[in-house]
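Report on one structure; see the data block that follows.
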Number of protein chains: 2
Amino acid sequence: MAKKFENSINVFAPATVANLACGFDVMGLAIDSPGDEVHVEFNRNKEIRIRKISGDGGKLSLDPQKNTAAVSIQSLIDDLHIDQGFDIYIKKKMPLGSGLGSSAASSVAGVFAANELLGRPYSRRELVPFAMEGERIACGSAHADNVAPSMMGGIVLIRSYSPLDIISLPAPKNLMIVVVHPQVEVLTKDSRAVLPRKIDMSTGIAQWANTAALTAGLYSNDFDLIARSVVDHVAEPFRASLIPHFEDVKSAALFSGALACSISGSGPSIFAFAEGKKAAKEIAYGMQMQFKKNKIKNTAYISSVNTKGVIKLKA
Amino acid sequence: MAKKFENSINVFAPATVANLACGFDVMGLAIDSPGDEVHVEFNRNKEIRIRKISGDGGKLSLDPQKNTAAVSIQSLIDDLHIDQGFDIYIKKKMPLGSGLGSSAASSVAGVFAANELLGRPYSRRELVPFAMEGERIACGSAHADNVAPSMMGGIVLIRSYSPLDIISLPAPKNLMIVVVHPQVEVLTKDSRAVLPRKIDMSTGIAQWANTAALTAGLYSNDFDLIARSVVDHVAEPFRASLIPHFEDVKSAALFSGALACSISGSGPSIFAFAEGKKAAKEIAYGMQMQFKKNKIKNTAYISSVNTKGVIKLKA
């Protein structure tokens, strides 16, 4: 049977929660929704073009050199030494600047789609560096803690960047993630700027004890251990003040039964871990009420760990 | 059948390798040998007495307030609110001040033996805090990264001290530990003094990425991952210069096939991880040759992970 080549593809790349508290800058996970829907098709003029972006409130540039999906595809075709052109249509179905890896989702969607259309020369894992180039445009540095989970699904650990060493960690089945996104703006550069360049050795020791413990908790399905270890000594103490009512929302999450609660990526979204769907719903309600009480519009997402990552959608 | 009460007991508490490179101050493992043999018996005069210490070259005090085994037992009987006396006989079958947890082994042996004689009021895990009191006398602080593995066996992670949270990590069956102890003196206080009080955030990030990765490697029996992650960015760079020819010995270990190599505890012993016994022997030979070449007497120990910890010996 001859392989049927396609000229176009629709894909969905999920939002991601990076850091996971103790895993600052090295861990991330994919959630089921929200995410980006991206349509990519071949064109004949050898250019990569952003044809349309919806759902971004007009905030994103159509200039392919400034768009993460276009940059990631460009990085792929440069590597393949081909000059294929692509037309890209992006439906942002997630908030921008939310700490949920919006730019990473577009970047992943773009390069995954192009790779599929080209007959899949690369594996998902191999595509991560191309998607990281998209992130570089958006964030100024080629981080992988959003890109890798959006691409590969699941919970990932970025052990090293040179060489790139991505480890998939197991996701306990009953582990639910609650994410609440408040409609406030926290600039990534501000949330970077508040972090100290140096930390006390004792702080570091506490952090890596927890990082190891969280890893053990994930492997052993030990929800108590996950709860004890998802604590951030290095970023949350500094970033919390950038998110209005963070402490109240965190307290509400824990009071409502969350295993743990911290900042998603560089914020302002706040995530909580829960055991089971019922608990997750109560936690989401508790967190949302805190924001509502303070007249801050917000959206909650409840999800298990998305183990698939970016997927092809039906045409 | 009536329970036969014993008046005396012989126990063996194993040496331990603390830190395991990336797990600085939070990880440790027990090895099969060397270790301490300790005989403990009830006495009737309500005092804890050190009756004899052999194998220490006369370096250890017979004053029970300065002896880790006596202090750990005192801490236990204080907790139990009894005034039972014990006579303690210690055979140091391991080098002192070697970075192999000598003081911890005596401390563990003492309190384990007394607990057995008293009808086992506490579990091994519950005995750790008492053994830590012995460590406090020896080291000035109540660390658990030698005490916990010597008591409980296996590879342990100390997630937190308040509350004390000890996590047993799995030990891959074929994982061998080579320890080479050079006859040079490194004072614990010196090896503490060379450490910086603060570390760069980026250094911390690299360290906790590795700590998580090592944990993943242990759970998944991934020797390649263990090899990549057993790297220490925070202590080894500063302590290496305290151990003559450390870099040469480490290079020899890696050249001979070691998965990884770093300082055992605060040194001067150097440990290496190996996959399988044959590799371990070659690595030990390579490491010893480097010391020998430089006219430094040394002893090598080859062991799998000792999963039992302290044990009762036949009378």
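The values are calculated or read from the model by the stated rules, or taken from the named source; none is laboratory data. Please read all numbers here as calculations on a predicted model, not as lab measurements. Cβ sites come from the backbone with ideal geometry, for glycine too, and all protein chains shown count toward neighbours.
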Report, by residue number, each residue of region A:145-162 that is within 13 Å of chain B (Cβ to nearest Cβ), surrounded by fewer than 24 Cβ atoms within 10 Å (Cβ to Cβ) and farther than 16 Å from B:Gly217 by Cβ.
A:Gly154, A:Tyr161, A:Ser162
Only one residue in A:Ala21, A:Ala13 is in contact with an Asp or Glu (Cβ under 6 Å, 6 or more places away or on another chain), within 14 Å of chain B (Cβ to nearest Cβ) and crowded, with 24+ Cβ neighbours inside 10 Å. Which one?
A:Ala21
Would you mind finding the one in A:Ile166, A:Ile199, A:Ile177 that is more than 27 Å from B:Asn221 (Cα to Cα), more than 8 Å from chain B (Cβ to nearest Cβ) and buried (at least 17 other Cβ atoms within 10 Å of the Cβ)?
A:Ile177
Selection within region A:180-196 - hydrophobic (A, V, I, L, M, F, W, C), out of contact with any strand residue (DSSP E or B) (no Cβ under 6 Å at 6 or more places or on another chain), more than 8 Å from chain B (Cβ to nearest Cβ) and in contact (Cβ under 8 Å) with a residue 12 or more places away in the chain
A:Val184, A:Val186, A:Leu187, A:Val194
Going by the structure shown, is A:Ile283 farther than 23 Å from A:Asp145 by Cα, touching a residue at least 12 places away in the same chain (Cβ under 8 Å) and buried (at least 19 other Cβ atoms within 10 Å of the Cβ)?
yes
Given the structure, is B:Arg49 away from chain A (no Cβ under 14 Å), surrounded by 14 or more Cβ atoms within 10 Å (Cβ to Cβ) and more than 23 Å from B:Ala148 (Cβ to Cβ)?
yes
Return only the number of the condition from (1) more than 10 Å from chain B (Cβ to nearest Cβ); (2) touching a strand residue (DSSP E or B) at 6+ places or on another chain (Cβ under 9 Å); (3) farther than 27 Å from A:Ser72 by Cα; (4) of a type in the set (Ser, Thr, Tyr) that A:Ser241 does not satisfy.
(2)
B:Leu218: more than 8 Å from chain A (Cβ to nearest Cβ) and assigned to a helix (DSSP H, G or I), yes or no?
yes
Say whether the condition of being surrounded by fewer than 22 Cβ atoms within 10 Å (Cβ to Cβ) and modelled with pLDDT under 95 is met by at least one residue in region A:120-132.
no
Would region B:185-208 turn up any residue that is in contact with a Pro (Cβ under 6 Å, 6 or more places away or on another chain) and modelled with pLDDT under 95?
yes
How many of the residues in region A:124-158 are in contact (Cβ under 8 Å) with a residue 24 or more places away in the chain and hydroxyl-bearing (Ser, Thr, Tyr)?
1
Output the residues belonging to region B:262-284 that are assigned to a helix (DSSP H, G or I) and touching a helix residue (DSSP H, G or I) at 6+ places or on another chain (Cβ under 9 Å).
B:Ile283, B:Ala284
Evaluate the following for A:Gly286: is it touching a Ser or Thr at 6+ places or on another chain (Cβ under 6 Å) and farther than 28 Å from A:Thr203 by Cα?
yes
For region B:1-100, give me every one of the strands (runs of 3 or more DSSP E) that falls completely inside it and has 3 or more residues that are in contact (Cβ under 8 Å) with a residue 40 or more places away in the chain and under 20 Å from the mean Cα position of the chain (by Cα).
B:8-18, B:27-43, B:85-93
Filter result for B:Ala240 (without any contact (Cβ under 8 Å) to a residue 24 or more places away in the chain, closer than 21 Å to B:Gly101 by Cα, among the hydrophobic types (A, V, I, L, M, F, W, C) and not assigned by TED's automatic domain parsing to the domain that holds B:Cys22):
yes
